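Student: Please read through the structure below; I'll follow up with questions.
The values are calculated or read from the model by the stated rules, or taken from the named source; none is laboratory data. This is a predicted model, so every value here is computed, not measured. In this analysis, Cβ positions are derived from the backbone assuming ideal geometry, glycine residues included, and neighbour counts consider all displayed protein chains.
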């Protein structure tokens, strides 16, 4: 049976994973450029883990400057089998106050300045995104949050804005009218690229504020966000470590109906003799499983 290699991408406030055995930071080179940082590897309760701080240690990458393709490629290249994202966000619902962890299962992508696919001219592919989150991973996160007594909500829609500015009030009210639950700046194109890399994906949205729609709260400020973010970071570390033994060292397949582990079987549309060799070479980790068949 295949082994679990649990990948964690840590967002604002989450720059390390304390408690890993045999922990070491490793450089992972990617043909897509520089990842945000080295990857911290180690084990916990027999589960291999790999952690990447999305903004880099010291938080020097903006939501738009993050090399999402390099990050996902590096995680795939190092052997990650399942990927959990931890991300700070704002709440668009009264019932999701700061401090709540939301296991979102849907996304609305409003970003416009980012590379969103490993594929492109010379090698075209289309992957399904109807069900972007793996229920196995999201369920394990929810169960762990319940046991740790962390305020949480299962399911919800995450709207991803470009940033780095926070929303205007008009935008915030618009997104509420769409029925979105939380708003952030980093889940896209991360979730799309994870799907192209055949990595089951789930996200923990750590609510830091009410965005700016709430009449009883001031507009969003960095000071206010950081205060809650520090409280969330402690719970995030506890949650990550609690999830690992629930998944276990022996891996079970994803329960997502979109079959993320084999999604490329029916996604590649460019004929093998028309594929750009340079692009094919860069896809050795992301799409190596299906390229070996051709």
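Student: Among what's in the stretch 254-272 and is in a loop (DSSP other than H, G, I, E, B) and touching a residue at least 24 places away in the same chain (Cβ under 8 Å), pick the residue that is farthest from residue 195 (Cα to Cα).
Tutor: 270
Student: Still on this structure, please answer the following. Collect the residues in the stretch 21-35 that are touching a strand residue (DSSP E or B) at 6+ places or on another chain (Cβ under 6 Å) and assigned to a loop (DSSP other than H, G, I, E, B), keeping them in residue-number order.
Tutor: 28, the sole residue that qualifies.
Student: Say we look at the stretch 234-253 and pick out the residues that are in a helix (DSSP H, G or I) and touching a helix residue (DSSP H, G or I) at 6+ places or on another chain (Cβ under 7 Å); which of these is nearest to residue 99 (Cα to Cα)?
Tutor: Applying the filter and picking the extreme gives 239.
Student: Could I ask something else about it? Just give me the residues in the stretch 1-15 being in a loop (DSSP other than H, G, I, E, B), surrounded by 15 or more Cβ atoms within 10 Å (Cβ to Cβ) and at negative phi, in sequence order.
Tutor: The answer is 4, 11, 12, 14, 15.
Student: Follow-up. Can you give me the number of residues within the stretch 140-185 that are within 22 Å of residue 103 (Cβ to Cβ) and free of Cβ contacts under 8 Å to residues at least 24 places away in the same chain?
Tutor: Residues flagged as within 22 Å of residue 103 (Cβ to Cβ) and free of Cβ contacts under 8 Å to residues at least 24 places away in the same chain within the stretch 140-185 amount to 3.
Student: Assess whether residue 240 counts as being surrounded by 13 or more Cβ atoms within 10 Å (Cβ to Cβ) and in contact with a strand residue (DSSP E or B) (Cβ under 7 Å, 6 or more places away or on another chain).
Tutor: yes
Student: Under 7 Å by Cβ, and 6 or more places apart or on different chains, what pairs join a residue from the stretch 8-23 that is more than 17 Å from residue 48 (Cβ to Cβ) with one that is modelled with pLDDT under 85?
Tutor: If the second residue must be modelled with pLDDT under 85, the pairs left are 12/229; 13/229; 13/230; 13/232; 13/233; 14/233.
Student: If residue 95 passes every condition in (1) part of a loop (DSSP other than H, G, I, E, B); (2) within 26 Å of residue 17 (Cα to Cα) but one, which one does it miss?
Tutor: Every listed condition holds for residue 95 apart from (2).
Student: Residues of the stretch 70-86 being in contact (Cβ under 8 Å) with a residue 60 or more places away in the chain, part of a helix (DSSP H, G or I), buried (at least 24 other Cβ atoms within 10 Å of the Cβ) and touching a strand residue (DSSP E or B) at 6+ places or on another chain (Cβ under 7 Å), which ones?
Tutor: Across the stretch 70-86, the qualifying residues are 71, 73, 75.
Student: How many residues are under 27 Å from residue 80 (Cβ atoms), touching a strand residue (DSSP E or B) at 6+ places or on another chain (Cβ under 6 Å) and in a helix (DSSP H, G or I) when one looks only at the stretch 125-184?
Tutor: Qualifying residue count, the stretch 125-184: 5.
Student: Quickly run through the stretch 58-68 and pick out the residues that are out of contact with any helix residue (DSSP H, G or I) (no Cβ under 6 Å at 6 or more places or on another chain) and at pLDDT 95 or above.
Tutor: Result: 61, 62, 63, 64, 65, 66, 67.
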